[in-house]
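Okay, structure first, notes after.
Derivation of every value follows stated rules applied to the coordinates shown; laboratory data play no part. These numbers were taken from a predicted model, which means no experiment stands behind them. Neighbour counts are summed over all protein chains in view; Cβ atoms, including those assigned to glycine, are modelled from backbone coordinates with ideal geometry.
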Amino acid sequence: MQAADVLSTGMRRHLAHLAALVLLAVTLAVPQAHAAGAKHPPDLSGAWTVFPSRAKGPPPDPKLIPPQPTPLQLKAKYAASYEATRAAQRESDKRGEPLANASTACVPNGMPQMMFPIYPLEILQTHGQVTIIAEAMSQVRRIFLDQPQTKIEETPPTYFGHSVGHWEGDTLVVDTVGVKEEVLGYRDIPHSDQMRIKERIHLASADVLHDEITIEDPVVLEKAWTFTFAYRRSPGYEMLEYVCDNNREYVDEKGVTRMRLQSH
């Protein structure tokens, strides 16, 4: 009876030891399996230029061309003045006398206009942050990853606003608030301090990037407005310094951009 008790106790200790080893092995294996199966976000680092290219060449793949913008629906309070401004811009452009804009005043385009790829963009991916640099005016915006967004009323207004983002699979989802009201949007649309910019940035192919931008503004817009910018990867391109310091342009009393001429 005593021998049976001793054997039973030994067996229990042995089984307990085996169970502990199995539990340890499972505990170590789960994170490794998770890490092995985890998908890293795509590498967006590098320089990007406008797509499709404005240069002559073969037509681009239609599947990679960004979709057309959704209809822009401004509230009545803003629609009439906006259309009048756009008509004045068209007329002044025909005369070769473009109206003044942010570039004339040597101030940043701000968000979301800085994402319009007239000049190249550069994307830097680092731990906890994605940084986007526009060659035009050397503008810089920072997207803080996996951080809570600040309340609109508590966000100091700036040219680029406060951007936070996270990865949903291969798509970088970004939320931006706090853009200064005097910063005009894409196509010069006005906005209020309640504007929110939502972006879905993803690779349409290995070398073509789409930035789907949705503007929400309950004060100015009847409904959200969505448009998409597209870029082509530009390996080896080195970003140039762009500083607006020549003072060659000025704005006359009619709001027209003029060029200063030097006398010799």
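Give the lysines whose C-alpha is closer than 16 Å to that of Lys75, dropping any in the same chain fewer than 8 places away, or say none.
Lys223
For the range 156-164, take each phi angle, set θ = phi - 60°, evaluate the Karplus expression 6.51 cos²θ - 1.76 cosθ + 1.60, and give the result in whole Hz per residue in order, putting x for glycine and proline.
With the stated coefficients, the range 156-164 comes to x, x, 9, 5, 10, x, 10, 10, 10 Hz.
Past 28 Å, Cα to Cα, is the threshold; run Lys39/Lys180; Lys56/Lys198; Lys56/Lys94; Lys63/Lys198; Lys77/Lys151; Lys39/Lys198 against it and keep the listed order.
Lys39/Lys180; Lys56/Lys198
Can you run the Rg to Rh ratio on the range 46-259? Use alpha carbon positions and the Kirkwood inverse-distance Rh.
On the way: Rg = 17.8 Å, Rh = 18.6 Å.
Checking Rg against Rh, the ratio lands at 0.96.
So, in nm, how far is label Leu64 from label Ser81 when the simple model puts each one 7 Å beyond its Cα toward the Cβ?
Distance between label points: 4.2 nm.
With an 8 Å cut-off on Cα pairs and a minimum separation of 6 or more residues, tell me the relative contact order of the range 46-259 in percent.
26
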